[in-house]
Amino acid sequence: MGGVSNRPWRATVAVAALTALLVSGCSGGGPERPTPTTSPVGASAAPSVPAPTPASDPAARAVALVATLSDEDLVGQVLMPYAYGDSATKVSAGSAAGNQALAGVDTPADMITKYRLGGLILVGFSADDPTKGNQETTNVDNPKQVHDLTSGLRATAGRLAAGPAPLLIGTDQEYGVVTRVTDGVTVLPSALAAGAAGDPKLTEAAWRAAGAELAAMGINVDFAPVADVLATRSTVIGSRSYGADPKQAAAQVGGAVRGLQAEGVAATLKHFPGHGHSADDSHQDLPVLTQSAAALQSGAWPPFTAGIDAGAMAVMSGHLDARAIDPGTPATFSHKLLTDVLRGQLGFQGVVITDGMNMPPAKRWAPGEAAVRALNAGNDLILMTPNVGQAYDGLLAALRGGSLPRARLVEAVTRVLTMKFRLAETPAAQMSTLNAPAHRAAADALAAAAVTVLRGTCGGAVRGPVTVTSSGGRDGTRAALTAALTAAGVPVKASGGTIVHLVGYGDDAKDLRADAAVTVAMDTPYVLSGAKSATLLATYSSSRASMTALAAVLAGKARPGGRSPVAVPGLPATTCAS
């Protein structure tokens with residue numbers, strides 16, 4: 001796998017050297033010397049070692065803060081669990097019971113205080129969500145509720161010893177089928193739609209709008225963009241990917257990273273070393289990547305490299321078995337993949353975050369052992385452990401027993417705190433920015449550029465009146481298209497008109513209509529290969545913006561300029577000339 005350039009994350013390139021200074025007096029070549037539970041990590045350092053001077057530099061501030069933290073504080077900073085309840089301090093009896101089972105506490109605030117947490121992930125699920133298997137609860141309802149929740153969480157964390165570095169609050173806001181906050185915000189089209197549009201500048205503008213809205217709600221880490229290349233017909237990745245071409249996907253990932261982070265939200269490239277190279281679902285079992293190391297380097301890693309070059313603050317390790325590199329070991333627990341490849345060859349110096357540790361491939365070990373293994377492999381944050389107390393106790397025992405080297409833990413915490421201080425440098429937008437006209441315009445432009453015609457006349461108007469039908473469970477999307485068509489001047493009837501049929505996530509040949517004049521794919525477009533309609537279109541997304549863009553094409557008011565970013569058997573990428 002030679003030839004991969006070293007691209008360090010420039011903002012934290014000094015962290016390793018500063019951390020080495022910090023731990024030089026408390027970790028020698030032999031067994032770790034035990035540290036009293038109330039003493040800071042640097043207490044046993046030799047007097048001759050100069051302490052780093054805190055300044056405006058986030059890395060220096062992180063090192064200085066780490067030097068004051070006890071063992072308990074250090075361990076807490078590498079944990080980022082979920083919690084039950086839609087408020088920091090007031091939860092229902094059911095949520096309290098959930099938190100007791102997860103962490104032995106009643107509320108999210110109690111969890112932060114007891115375990116001195118570095119972060120918390122907000123979770124939720126919807127009907128078409130391929131990640132719903134590890135979403136045990138939901139604490140995302142509407143923007144005001146999210147803002148109140150994050151404010152309460154951050155206030156609680158501010159009272160901890162690590163309080164000067166703001167709490168990390170993350171969520172999976174990918175847009176498309178994995179979108180946690182959907183009401184009252186600007187909803188972008190899916191990643192695959194952006195891939196079809198093929199314009200990284202449009203992607204960057206849309207994701208900058210998204211970043212501003214996330215920051216306004218108090219979310220400072222987005223577990224996005226998905227950097228997986230869609231090399232297989234993976235249903236768990238699907239339209240979450242920017243497409244099948246590594247180079248084109250790389251350009252889109254770079255745009256999304258720049259947009260998000262311009263607004264003070266950390267982008268997370270996922271799922272390294274490339275979930276799209278297996279069709280299996282890591283929410284159910286351990287997917288195997290059978291490709292050679294060279295094939296992964298050329299076919300899976302370009303979007304990750306592009307994201308690193310764009311300054312991505314985080315990378316998520318996937319529960320994936322890359323047989324050519326570390327056979328039998330999930331990447332989450334692979335030192336070869338995370339330390340030798342991701343850091344050593346790809347040059348990533350930011351925060352490595354595990355995928356959900358409540359997923360089956362990670363649950364082969366008890367929560368404490370799994371957390372220790374993940375940290376020793378090179379992860380810096382442990383996400384969604386199935387038992388917070390067991391993970392915390394396991395890490396603390398391993399630190400004191402020597403199986404978790406103090407230098408490794410200090411390095412991880414230093415990276416986490418550096419990211420926190422970097423994020424705090426960008427003022428968050430106000431709540432009034434949510435769903436602002438300029439943000440909707442950015443989403444609309446991206447959605448409009450994505451619409452693709454795979455069969456039929458390029459830009460030809462549909463003959464009205466129109467009847468909009470869909471596969472089951474898509475009443476809301478059907479209503480959105482009906483309203484958009486009406487606004488575009490196309491008459492819509494309940495029945496008897498020219499049929500425009502919508503299919504989406506999870507649909508197959510049985511969900512098609514043989515009598516439809518137009519069939520539209522609102523997720524991956526593979527299903528269109530079996531459609532009989534004279535006109536085949538793809539929006540890759542069912543967002544309001546996508547339905548508005550589709551209506552403009554059907555009304556003959558817009559040209560469908562997108563190109564399918566994945567190959568559909570028997571169909572061209574587009575019938576429109578470039």
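The values are calculated or read from the model by the stated rules, or taken from the named source; none is laboratory data. In this text, all values refer to a predicted model and were calculated from it rather than measured experimentally. Every residue, glycine as well, gets a Cβ built from its backbone with ideal geometry; the counts of neighbours run over all protein chains shown. Surface accessibility is based on the protein's heavy atoms, side chains included, excluding ligands, DNA and RNA. Shrake-Rupley method; radii C 1.70, N 1.55, O 1.52, S 1.80 Å.
Whether any residue in the range 564-577 is modelled with pLDDT under 95 and either small (Gly, Ala, Ser) or open to solvent by 30 Å² or more (accessible area, probe 1.4 Å) (or both) is what I want to check.
Yes, the range 564-577 has at least one match.
Is the range 104-111 home to any residue that is among the small types (Gly, Ala, Ser), farther than 28 Å from LEU434 by Cα and open to solvent by 10 Å² or more (accessible area, probe 1.4 Å)?
Checking the range 104-111: at least one residue is among the small types (Gly, Ala, Ser), farther than 28 Å from LEU434 by Cα and open to solvent by 10 Å² or more (accessible area, probe 1.4 Å).
Take residues that are in contact (Cβ under 8 Å) with a residue 12 or more places away in the chain and in contact with a Ser or Thr (Cβ under 8 Å, 6 or more places away or on another chain) and tell me which of the helices (runs of 4 or more DSSP H) falling wholly in the range 291-382 contain 2 or more.
Filter on the range 291-382 gives 367-377.
Would you point out which residue out of GLY464, GLY506, GLY489, GLY459 is exposed (fewer than 14 other Cβ atoms within 10 Å of the Cβ) and either part of a loop (DSSP other than H, G, I, E, B) or among the hydroxyl-bearing types (Ser, Thr, Tyr) (or both)?
GLY489
Open to solvent by less than 10 Å² (accessible area, probe 1.4 Å) and among the hydrophobic types (A, V, I, L, M, F, W, C): does that describe ALA231?
The answer is no for ALA231.
Considering each residue of the range 175-202, count those that are part of a loop (DSSP other than H, G, I, E, B) and in contact with a Leu (Cβ under 9 Å, 6 or more places away or on another chain), and give that number.
10
So SER298 clears everything in (1) open to solvent by less than 20 Å² (accessible area, probe 1.4 Å); (2) touching a Pro at 6+ places or on another chain (Cβ under 8 Å) except one condition, right? Which one?
(1)
Tell me, yes or no, whether the range 262-278 has at least one residue that is surrounded by fewer than 24 Cβ atoms within 10 Å (Cβ to Cβ) and either free of Cβ contacts under 8 Å to residues at least 40 places away in the same chain or not in a loop (DSSP other than H, G, I, E, B) (or both).
Within the range 262-278, one or more residues are surrounded by fewer than 24 Cβ atoms within 10 Å (Cβ to Cβ) and either free of Cβ contacts under 8 Å to residues at least 40 places away in the same chain or not in a loop (DSSP other than H, G, I, E, B) (or both).
In the range 349-395, what count of residues is obtained for those that are among the charged types (D, E, K, R) and closer than 30 Å to ALA310 by Cα?
Count: 3.
Can you go through ASP326, ASP309, ASP355 and tell me which one is surrounded by fewer than 20 Cβ atoms within 10 Å (Cβ to Cβ), touching a helix residue (DSSP H, G or I) at 6+ places or on another chain (Cβ under 8 Å) and charged (D, E, K, R)?
ASP309
What single numbered condition from (1) of a type outside the set (Val, Ile, Thr); (2) in contact with a Lys or Arg (Cβ under 8 Å, 6 or more places away or on another chain); (3) at negative phi fails to hold for LEU446?
Checking LEU446 against (1) of a type outside the set (Val, Ile, Thr); (2) in contact with a Lys or Arg (Cβ under 8 Å, 6 or more places away or on another chain); (3) at negative phi, the one that fails is (2).
Of the conditions (1) part of a helix (DSSP H, G or I); (2) open to solvent by 50 Å² or more (accessible area, probe 1.4 Å); (3) over 22 Å from MET80 (Cβ atoms), ALA494 clears all except one; give me its number.
Unmet condition: (1).
Could you tell me how many of the residues in the range 422-448 are farther than 16 Å from TRP207 by Cα and either in contact with an Asp or Glu (Cβ under 6 Å, 6 or more places away or on another chain) or crowded, with 21+ Cβ neighbours inside 10 Å (or both)?
So the answer is 2.
Just to check your reading of the model, which residue among THR482, THR519, THR548 is touching a His at 6+ places or on another chain (Cβ under 7 Å) and either closer than 21 Å to ALA443 by Cα or not in a loop (DSSP other than H, G, I, E, B) (or both)?
THR519
On the given criteria, is VAL257 open to solvent by less than 10 Å² (accessible area, probe 1.4 Å) and assigned to a helix (DSSP H, G or I)?
It is true that VAL257 is open to solvent by less than 10 Å² (accessible area, probe 1.4 Å) and assigned to a helix (DSSP H, G or I).
Which residue out of LEU381, LEU338, LEU346 is at pLDDT 95 or above and within 23 Å of TYR115 (Cβ to Cβ)?
Answer to the check: LEU381.
Specify the residue that is most open to solvent (accessible area, probe 1.4 Å); the eligible residues are those in the range 389-398 that are among the aliphatic types (A, V, I, L, M) and in contact with a Gly (Cβ under 8 Å, 6 or more places away or on another chain).
Of everything passing the filter in the range 389-398, ALA397 is most open to solvent (accessible area, probe 1.4 Å).
Looking at (1) farther than 22 Å from LEU571 by Cα; (2) open to solvent by less than 40 Å² (accessible area, probe 1.4 Å), find the lone condition where THR482 falls short.
All conditions are met except number (2).
Suppose we filter LYS532, LYS557 for residues that are open to solvent by 60 Å² or more (accessible area, probe 1.4 Å), in contact (Cβ under 8 Å) with a residue 60 or more places away in the chain and among the charged types (D, E, K, R); which single one remains?
LYS557
It is to be established whether one or more residues within the range 332-352 are open to solvent by 10 Å² or more (accessible area, probe 1.4 Å) and farther than 22 Å from GLU411 by Cα.
no
Among the residues of the range 188-196, is any surrounded by fewer than 24 Cβ atoms within 10 Å (Cβ to Cβ) and touching a Ser or Thr at 6+ places or on another chain (Cβ under 9 Å)?
No; the residues of the range 188-196 include none that is surrounded by fewer than 24 Cβ atoms within 10 Å (Cβ to Cβ) and touching a Ser or Thr at 6+ places or on another chain (Cβ under 9 Å).
Condition (residue is open to solvent by 40 Å² or more (accessible area, probe 1.4 Å), within 25 Å of GLY184 (Cα to Cα) and part of a loop (DSSP other than H, G, I, E, B)) applied to the range 536-544: is it met by at least one residue?
yes
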